[in-house]
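Worksheet: one structure, shown below.
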Amino acid sequence: MPGLTIGPDQGGVCPVWDEQGRQVGNLKRIGGRWKFKAIGQDAQGQVVPGGGPLTERHNMSFDRLDSTEIVTRLDGKDG
């Protein structure tokens, strides 16, 4: 998913937006690691935890908050 942006750390939670500015998930600090939590919306606009365009990346974990590494892995371009 090109154009992902990671927002600032807000007490252990960082929003992740797509290139249209839609929030597609959050990075959450859990047990000393950062975990990606995908989110989407249903037809009525309600938030769907684990849903959205990055569903297959839900619960992907990272050792550090490195935006280049995280975006590369979420894009699926890590090998």
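Observations, loosely collected:
- Of all the residues in region 1-35, those that are of a type in the set (Phe, Trp, Tyr) and touching a Phe, Trp or Tyr at 6+ places or on another chain (Cβ under 7 Å) number 1.
- Identity of the residue in region 6-22, touching a residue at least 24 places away in the same chain (Cβ under 8 Å) and under 10 Å from the mean Cα position of the chain (by Cα), that ends up farthest from Arg73 (Cα to Cα): Cys14
Bear in mind these aren't lab numbers, they're just calculated from the coordinates by the rules spelled out. If you're wondering where the values come from, they're calculated on a predicted model, not measured in any experiment. Reconstructed Cβ throughout: ideal geometry from the backbone, glycine too, with neighbour counts over all protein chains shown.
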